[in-house]
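Peer 1: Structure provided below as structure tokens; questions to follow.
The values are calculated or read from the model by the stated rules, or taken from the named source; none is laboratory data. Since the model is a prediction, treat every value here as computed from it, not as a measurement. Cβ: placed from backbone, ideal geometry, glycine included. Neighbour counts: every protein chain shown. The area values use the complete protein model at the heavy-atom level, side chains included, leaving out ligands, DNA and RNA. Shrake-Rupley method; radii C 1.70, N 1.55, O 1.52, S 1.80 Å.
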Amino acid sequence: MPAMSHLNSVRSDEAYAEILANWDAQFYAKFTDALGLAKTGARVLDVGCGVGQVVARLTSAGYEAHGVDVSGPNIDKARKLSERCQLYDGRRLPYPDDYFARVGALNVLEHVEEPEDFIRELARVTEPGGRIVISSPNFYRVLGFRDYHPRMRGLATKWQNWKRLRQKRRQMKNDPASVRFDRMTPIVKEPFTPDDDAIVATNPLEMKFFLERNGCLVETLSCTDRHVAAPLDFLLNATPLRHLMFNAFVVARKNRN
């Protein structure tokens, strides 16, 4: 798998590490909780661990939590919370096959050069019967509001998104071997805001597709990446319209051989 996008700048970006260090804990609470549903002491991996908040929470809960990231400044901060956080090259995860009971990636998939291979790596290091959690923006939103990225914004764009998703559904059915995530040009502006540098048009349909192609069963797929009130969560995720809104929060289980 080629190196992650903008890798050279991210490797030494102190400012980005500071942004991550100041994340609201609610931003990653649902992701952390989804990874934590395992027996105490189980091995768990956070890919793109940032400055280590998720790893620290899981460690405190009794798990053997590990983290990897491509950013040196991130890992410097993360290792103050856990010695099991390490720098990696953005290509191959430095662990053997079937090693972890839980593996997750929070807002990472949209930033990698080869997202298809990235999902394959997540599945490779997950044990049979283990869980994979991937959370990314839905850049092909058709419904919704607070659209912070041009790929989501405006009625004309949403209409194009709808047509593109229909094309992708046909492609998945008729020529699955040719399916690839669409790539995007990163936005360069000051001040930097998260997801400006996204280069992959992540969406729940293709995330589900590639997990299944890599031997996983998708258990839940929701458009809510944070904990919300139960009635609202039910309404938002009760129908296939969840594929067209907000975010892509996918929980899958690796099939047993």
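Peer 1: Report the far tail of the P(r) of the chain, meaning the percent of Cα-Cα pairs longer than 23 Å. Mind showing how you got there, number by number?
Peer 2: Working: 16231 of 32896 pairs.
Above the 23 Å cut-off, the chain has 49 percent of its Cα pairs.
Peer 1: Additional query: Just the number, please: percent antiparallel of the DSSP beta bridges in the chain, rounded to the nearest 5.
Peer 2: Working: 14 of 33 bridges.
Taking every DSSP beta bridge within the chain, about 40 percent pair in antiparallel fashion.
Peer 1: Of the accessible area of the chain, with the probe set at 1.4 angstrom, what percent is carbon plus sulfur? Show your work: numbers first, answer last.
Peer 2: On the way: 6440 of 12010 Å².
Of all accessible area on the chain, carbon and sulfur atoms account for 54 percent.
Peer 1: Quick one: dipole size for the chain, taken about the Cα centre, charges +1 on Lys/Arg Cβ and -1 on Asp/Glu Cβ, in debye to the nearest 20.
Peer 2: Working: 37 positive and 32 negative charges, 221 e Å.
Using Cβ point charges on Lys, Arg, Asp and Glu, the chain gives about 1060 debye.
Peer 1: Subtracting the Cα-Cα distance from 0.36 nm times the residue separation, let me have the gained length for ARG256 to GLN167 in nm, one decimal. Working shown, then result.
Peer 2: Details: separation 89, 0.36 × 89 = 32.04 nm, distance 3.20 nm.
Taking ARG256 through GLN167 to full extension adds about 28.8 nm, to one decimal.
Peer 1: Quick one: Debye curve from the C-alpha atoms of region 75-135, no solvent, what's log10 I(q)/I(0) at q = 0.16, 0.20, 0.26 Å⁻¹?
Peer 2: Here the Debye-derived log intensity ratios amount to -0.56, -0.86, -1.24.
Peer 1: Can you give the FRET efficiency for THR40 and LEU143, using 1/(1 + (r/R0)^6), R0 = 41 Å, r = Cβ-Cβ distance, to the nearest 0.05? Write down the numbers at each step before the final one.
Peer 2: Details: r = 40 Å, r/R0 = 0.98.
The pair THR40/LEU143 has a calculated efficiency of 0.55.
Peer 1: Shifting gears a bit: Please report, in debye to the nearest 20, how large the charge dipole of region 109-257 is about its Cα centre when each Lys and Arg carries +1 at its beta carbon and each Asp and Glu carries -1 there. Walk me through the intermediate numbers first.
Peer 2: Values: 25 positive and 19 negative charges, 151 e Å.
The calculation lands at about 720 debye.
Peer 1: Send over a whole-number figure in Å² for the accessible area per residue of region 201-257, probe 1.4 Å. Don't skip to the end; give the middle numbers.
Peer 2: Values: 2760 Å² over 57 residues.
For region 201-257, the solvent-accessible area averages 48 Å² per residue.
Peer 1: Ok, one more. Can you compute the helix-only [θ] at 222 nm over the chain? Use -39500 (n - 2.57) per DSSP H run of at least 4 residues, normalise by all residues, nearest 500 deg cm²/dmol. Don't jump to the answer; show the numbers that get you there.
Peer 2: Values: 9 runs with 86 residues, N = 257.
It lands at -9500 deg cm²/dmol.
Peer 1: Continuing with the same structure: For a 19 Å ceiling on Cα separation, which of these pairs sit above it: LYS39/LYS80; LYS30/LYS163; LYS173/LYS208; LYS30/LYS189?
Peer 2: Listed pairs above 19 Å: LYS39/LYS80; LYS30/LYS163; LYS30/LYS189.
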